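Worksheet for the structure shown next.
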Amino acid sequence: MKRLASLFLALALLAALAMPGLAADTVVLSDWSLMVDGRVLNCEKYNINGSNYFKLRDLAYALNGSRSQFAVEFDRDLDAVRIHTGERYTPTGGELAFAGEDKSATAVPSSQSVLIDGTLAEGISVYNIGGNNYFKLRDLSGHLGFGVDYSAVSSLAIVNTMPQEQRELSAEEIYARCTAAVFFIEVYDAQGSAIKTGSGFFVSRDGVAVTNYHVISGADSAAVQLIDGRVLPVTGVYAWNADEDWAVLQIEGEDFDALTVGAKNTALGGSTIYTIGSPLGLQNTLSVGIISNPNRLEDGVSYIQISAPISQGSSGGALLNKYGEVIGITSAGYEDGQNLNLALPMSYVDYHDRESLSSIARAGNQAAVTLVLLESFVTIGIDEESYTVTAFSACEPGCKVRFDVEDESIVTAERMGWDGDYVSFKLYPQGLGTTTITVLLLEADDAELDRKSMVVTVAESGVRNGGELSLDEYNVTMGLEDSYFLIAYAQATDPEVKSYRLTYYLDAPEVLGCGWSDWYDGNYIDLNLYPKSTGTVSITVVLHDSADENRILDTKTVFVTVIPGSIYR
């Protein structure tokens, strides 16, 4: 078998040699620019087989005076290019100049050797174009001691002659180095409708990324758009913390631009910082400012207060230090001030834990320990055969739901179905009165995760007729730092109803407080919402006949999710 395999390989090689077109070089004049230590330089350069090649004397001239400077000479006796590291280059004229003539047709692999400090350099690709030798930056970087990077966004080949942490970068360098690692994110509900947008950034080339938790809160799915236009799905969430307001995502794909996470001690008061995000959906917007306070304590969390302007949609964006390292997540701001904004330090974020990947619906809803009743205050006519109510929880596999009826002489209940997300109960009226049904969310071992109560009234026939109630919103997301109000509209449709009033039933008063304002225009009233902690709560608004407290004219339920920070950032 080995002899046959070798013969086949030899024939394959001969076939390849007989087809010279397969080995032809592709050479085109490049439109990229060269950035050296923050300076953008114009020079003649060519793209050969997908890599940019630069004239050696242009590089020597550009690096003069730096720690990577080198001199160049041509040794005619050896037909070799000599490079002397550490020596200053003496210009011969014409460096960093381009007359506009495309010499790509003259490109041929150079036959000349390359000697660096007298030693033959191996593995260096050299092309002769128009009588000058052109080199790849990466081939020279290891010999000459400079760093090489690139920005496809800005079409820049980047040379850095000193360690990044020792040199403050310009705004131009920050944008060129970092912007491709920051993305726009859009999140969707279970029906696939977009519900909010924000920002995020990669911390590894294999797709691990960071954003604020409140960006994905309430989401069923999400996708990101990179600055090159690609739209990629979020495949899951590794870790998150709603109170500290961070989440670590996995984006589908690989070989992404990624940010370097900077040390905590670079967040110093007065230091120059930069932000990159998508305020108001304006993707990859760069802002500059200073650290106004490196330790601003809010609700037990230490934030970095910054003066860089950010707006709604900047949530989840990158806070960068002057070396281009990410040190925080742009998270929130004070509504009553100008450029009084907050970023969560990266020291809070556990972006190394990749033990398990949860769905974005599981992380965004935190529903493994949260149960929501779609109705919390129910009235049934005694002559009705049955009434169906629904509970929701995006629970982990193995969870179950149980209910307890306080007084079965008033109503009995039957569970109709459970798919891990929704469960329905059919209520059967037995006698007049009011009772409570407690619904429990349990783990597989019966450990209680959450419980909610539903008040059920069985009344005379037609008790639900005679009024109309509506709310201006039925699903609300608000920040812990926000204030909010709902507009309720009520009217009596039964002429015998002389007056009416509104009450509300709140299933999680530890999350939210409520209060009525005064009636206006006869039929309208505001229900003011006061957040206390993060979580999801249902509010059932009840329209009563004032003359008969047991007569309920109509009910409506609204669901309110409170997230960390502010929805305005």
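At R0 = 30 Å, how high is the FRET efficiency between Asn42 and Lys264 if r is their beta carbon distance? Nearest 0.05 is fine.
0.15
Quick one: Ser356, Ser517, Ser307, fewest Cβ neighbours within 10 Å first, how do they rank?
Working: Ser356 9, Ser517 13, Ser307 16.
Sorted ascending by nearby Cβ count, the order is Ser356, Ser517, Ser307.
Which far-off residues, 5 or more places away or on another chain, put their amide H under 5 Å from the one on Ser307, with H placed in the peptide plane?
Under 5 Å from the amide H of Ser307: Ile290, Ser292.
What order do you get for Leu432, Leu486 when you list them from fewest to most C-beta neighbours inside 10 Å?
Ranked by crowding around the Cβ, least crowded first: Leu432, Leu486.
Once you order the gyration tensor axes a ≥ b ≥ c over the Cα atoms, which shape class does the stretch 365-563 get: rounded for a/c under 1.5, otherwise prolate or oblate by comparing a/b with b/c?
Judged from the Cα gyration tensor, the stretch 365-563 comes out oblate (a/c at least 1.5, b/c at or above a/b).
Between Val28 and Ser307, what's the calculated FRET efficiency when r is the beta-carbon distance and R0 is 35 Å? Round to 0.05.
After rounding, the FRET efficiency stands at 0.20.
What FRET efficiency comes out for Tyr524 versus Ile195 if R0 is 25 angstrom and r is the Cβ-Cβ distance? Round to the nearest 0.05.
0.40
Sticking with the crude label model, points 7 Å out along Cα→Cβ, report the distance from Glu414 to Leu374 in nm, one decimal please.
Once both label points are built, they end up 1.9 nm from each other.
Using +1 at the C-beta of Lys and Arg and -1 at the C-beta of Asp and Glu, which of Tyr238, Val187, Gly207 has the Cα lying farthest in the positive direction of the dipole of the chain?
Gly207
What are the ³J(HN,Hα) couplings of the stretch 513-530, residue after residue, when phi is run through the Karplus curve with 6.51, -1.76, 1.60 and θ = phi - 60°? Round to Hz, x for glycine and proline.
Values, residue by residue: x, 9, x, 7, 8, 7, 5, 9, 6, x, 10, 10, 8, 9, 9, 7, 10, 10 Hz.
So what are the three principal axis dimensions of the stretch 172-363 from its Cα atoms, in whole Å, longest to shortest?
Per principal axis, max minus min of the Cα coordinates gives 44, 35, 32 Å.
Please give the contour-minus-distance gain from Glu172 to Phe403: 0.36 nm per residue of separation, less the Cα-Cα distance, rounded to one decimal in nm.
77.0 nm
About the Cα centre of the stretch 461-555, how large is the charge dipole given +1 on each Lys and Arg Cβ and -1 on each Asp and Glu Cβ? Please answer in debye to the nearest 20.
Rounded to the nearest 20 debye, it is 180 debye.
Of Lys196/Lys322; Lys400/Lys452; Lys196/Lys532; Lys196/Lys264; Lys452/Lys556, which sit over 25 Å apart, Cα to Cα? Mind showing how you got there, number by number?
Details: Lys196/Lys322 31 Å; Lys400/Lys452 14 Å; Lys196/Lys532 22 Å; Lys196/Lys264 30 Å; Lys452/Lys556 17 Å.
Among Lys196/Lys322; Lys400/Lys452; Lys196/Lys532; Lys196/Lys264; Lys452/Lys556, the Cα-Cα distance tops 25 Å for Lys196/Lys322; Lys196/Lys264.
Could you work out how far apart the two model spin labels at Ser113 and Glu385 are, taking each label as a point 7 Å from the Cα in the direction of the beta carbon, and quote it in nm?
Roughly 9.9 nm, to one decimal.
Where in the stretch 281-316 does the label zone of Gln338 land, with the point 7 angstrom along Cα→C-beta and an amide N cut-off under 14 Å?
307-310
In the chain, which longest range has no GluC sites (Glu not before Pro) that are both DSSP loop (not H, G, I, E or B) and surrounded by at most 10 other Cβ atoms within 10 Å?
By the stated rule (loop sites, at most 10 other Cβ atoms within 10 Å), 123-253.
Please list, in chain and number order, the residues 5+ apart from Ser217 or on another chain whose amide H is under 5 Å from its amide H, with Hs placed from the backbone.
none
Report the label-to-label distance for Glu460 and Ala105 in nanometres (one decimal), using points 7 Å from each Cα along the Cα→Cβ vector.
10.2
What are the residues whose amide H is under 5 Å from the amide H of Gly479, where those residues sit 5 or more places off or on another chain and H is modelled from the backbone?
Here Ile563, Ile567 satisfy the definition.
Please report, in debye to the nearest 20, how large the charge dipole of the stretch 220-315 is about its Cα centre when each Lys and Arg carries +1 at its beta carbon and each Asp and Glu carries -1 there. Spell out each step's value before the answer.
On the way: 3 positive and 11 negative charges, 84 e Å.
Its charge dipole is roughly 400 debye.
Could you tell me which helices of the chain pass both thresholds, a Cα extent of 20 Å or more along their own axis and a mean Kyte-Doolittle hydropathy of at least 1.0, with helices taken as whole DSSP H runs? Walk me through the numbers on the way to the answer.
Values: long enough: 2-17 (23 Å, 1.82).
What comes out of the filter, once short or polar helices are dropped, is 2-17.
Can you put Lys55, Lys136 in order of Cβ neighbours within 10 angstrom, beginning with the fewest? Walk me through the numbers on the way to the answer.
On the way: Lys55 23, Lys136 18.
With the sparsest Cβ surroundings first, the list reads Lys136, Lys55.
Computed from the coordinates by the stated procedures, all read-outs in this text should not be read as laboratory data. Since the model is a prediction, treat every value here as computed from it, not as a measurement. Every residue, glycine as well, gets a Cβ built from its backbone with ideal geometry; the counts of neighbours run over all protein chains shown.
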